[in-house]
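Below: one structure, written as structure tokens.
The values are calculated or read from the model by the stated rules, or taken from the named source; none is laboratory data. Values in this document were obtained by computation on a predicted structure and should not be read as measured data. Glycine gets a Cβ as well: all are built from the backbone with ideal geometry, and neighbour counts include every protein chain shown. Each accessible area value is taken on the protein alone, full model and side chains, heavy atoms only, with ligands, DNA and RNA left out. Shrake-Rupley method; radii C 1.70, N 1.55, O 1.52, S 1.80 Å.
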Amino acid sequence: MIRFSNIFLCITIALLLLWQLPWCYSFFAAKSVRSPFVLYSTISGEFITTRYSDEKGMAVRESQSGVQYTQEEVDSLLPFFYMRQLMADERFPDTINGVGFTPREAQMAAFSFRSNPMDINVVKIPLYPLLESKSGRVDLVMPDDVFRGTDSGIEFIQSKTNTIDERKSRMFTDMMLKKGFAFPIRYISGNPTARKEYDEGYLLLDSNGKLFHLKQTVGRPYVRHIELPGDVKAKYLFITEFKDRKTLGFITDEDNRLYVLNNGNYDLVKTGVERFNPETDALSIFGNLFDWTVCVKRHDGSYYYALDAKDYSLIRSLSIPGEGGSIFGLHFTSPSDKYVKPRL
């Protein structure tokens, strides 16, 4: 018994050292690191990087070719990002590269999108509100019920009484089966909030990996099967609901390729992004009338892609190496998820 206690004590001490020593080293030797802010300039055709110098802590704004700019010059080089400042200074352009536009058109086309591994690697409550997409009102209203997927259909549950709405459940389930949906639901993506300008419902993958669009229009189910190319096996879905209504969502496949699903015609277009794995990579997109700046952050660095806003083809790319990974040791948390568990 004493021998067993000594062995257990030694193992406990070893685990504590494996856990605490790397943590102490990281705590005392950590340096403040400011990630640079990078955007593609439609004007100059280069990425503009805003970084902070280690000597003075001052912001340095420069292009890929090493040319440094003042803040006022950067405002003009990134007119859609600094639109408010240019409008206040009465310097906002009405034409770029021979293409004319109004401030409203620029505002409608501007958007930002973010995805974090912590949003993916998490247990989600499988209850989803389905808003009315054609209520005739400006403000959206949250419904009095939510739906959930079952092995044979979907069920709408009244929130106040906690009872199943049999009629509505049967109506939506029958329509989904009629369109060829195979239950249970494999993956679902939506934006369940009334704080948006319009509602496009949900993108879903059925048990066979087929892609569908589901929403509610005037109390009736709208279900559309979206044909995918034969070599595309969808894995993760992101519904967008941007102001200009040009896109319906983003899709990644099993090979970690990123696609844009256009609204209206449901065209699926492969982007110029080399690779994006939602389970491990962070994604941010800043879009405007002419181009998108896409940033994919991985453990080894940040990868930037400038995409054409029309066909999402690659215009230019830039990579910035990371500051190094985590120190080897025993860790209980991870930047990729919200679980607390031992991991090396």
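Taking the numbered list (1) among the hydroxyl-bearing types (Ser, Thr, Tyr); (2) under 25 Å from Ser35 (Cα atoms); (3) at pLDDT 95 or above; (4) under 16 Å from the mean Cα position of the chain (by Cα) in turn, Ser317 passes all entries but (4).
So is Cys24 at pLDDT 70 or above and in a helix (DSSP H, G or I) or not? Against the criterion (at pLDDT 70 or above and in a helix (DSSP H, G or I)), Cys24 does not qualify. Cβ separations smaller than 9 Å between residues 6+ apart or across chains give the following pairs from the stretch 192-207 residues that are within 18 Å of Phe172 (Cα to Cα) and modelled with pLDDT of 95 or more to residues that are of a type in the set (Asp, Glu) and part of a loop (DSSP other than H, G, I, E, B): Asp199/Glu241; Glu200/Glu241.
Within the set Arg298, Arg275, the sole residue that is touching a strand residue (DSSP E or B) at 6+ places or on another chain (Cβ under 9 Å), under 18 Å from Ile120 (Cα atoms), surrounded by fewer than 21 Cβ atoms within 10 Å (Cβ to Cβ) and in contact (Cβ under 8 Å) with a residue 24 or more places away in the chain turns out to be Arg298. The residue of the stretch 235-255 that is nearest to Leu130 (Cα to Cα), among those that are open to solvent by 10 Å² or more (accessible area, probe 1.4 Å) and among the aromatic types (Phe, Trp, Tyr), is Phe238. Does Val232 fit the bill of being buried (at least 17 other Cβ atoms within 10 Å of the Cβ) and either in a strand (DSSP E or B) or not β-branched (Val, Ile, Thr) (or both)? The answer is no for Val232. Among the residues of the stretch 256-263, at least one is within 18 Å of Asn121 (Cα to Cα) and open to solvent by 20 Å² or more (accessible area, probe 1.4 Å).
Residue count for the stretch 70-113, restricted to those that are farther than 17 Å from Asp291 by Cα, touching an Asp or Glu at 6+ places or on another chain (Cβ under 8 Å) and open to solvent by less than 50 Å² (accessible area, probe 1.4 Å): 1.
For (1) at pLDDT below 95; (2) within 30 Å of Asp75 (Cβ to Cβ), each residue gets a yes or a no:
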{"position": "Ala110", "(1), (2)": "no, yes"}
{"position": "Ser133", "(1), (2)": "yes, no"}
{"position": "Arg137", "(1), (2)": "yes, no"}
{"position": "Ile154", "(1), (2)": "no, no"}
{"position": "Arg170", "(1), (2)": "no, no"}
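Only one of the listed residues (Tyr259, Tyr339, Tyr266) is modelled with pLDDT under 95 and either in contact with a Phe, Trp or Tyr (Cβ under 6 Å, 6 or more places away or on another chain) or of a type in the set (Phe, Trp, Tyr) (or both). That residue is Tyr339. Within the stretch 213-229, being among the hydrophobic types (A, V, I, L, M, F, W, C), within 19 Å of Pro129 (Cα to Cα) and assigned to a strand (DSSP E or B) holds for Leu214, Val223. Going residue by residue through the stretch 154-174, is there one that turns out to be part of a loop (DSSP other than H, G, I, E, B) and closer than 30 Å to Phe111 by Cα? No; the residues of the stretch 154-174 include none that is part of a loop (DSSP other than H, G, I, E, B) and closer than 30 Å to Phe111 by Cα. The single condition among (1) under 23 Å from Asn263 (Cβ atoms); (2) at pLDDT 95 or above; (3) within 24 Å of the chain's Cα centre (by Cα) that Arg148 does not satisfy is (1).
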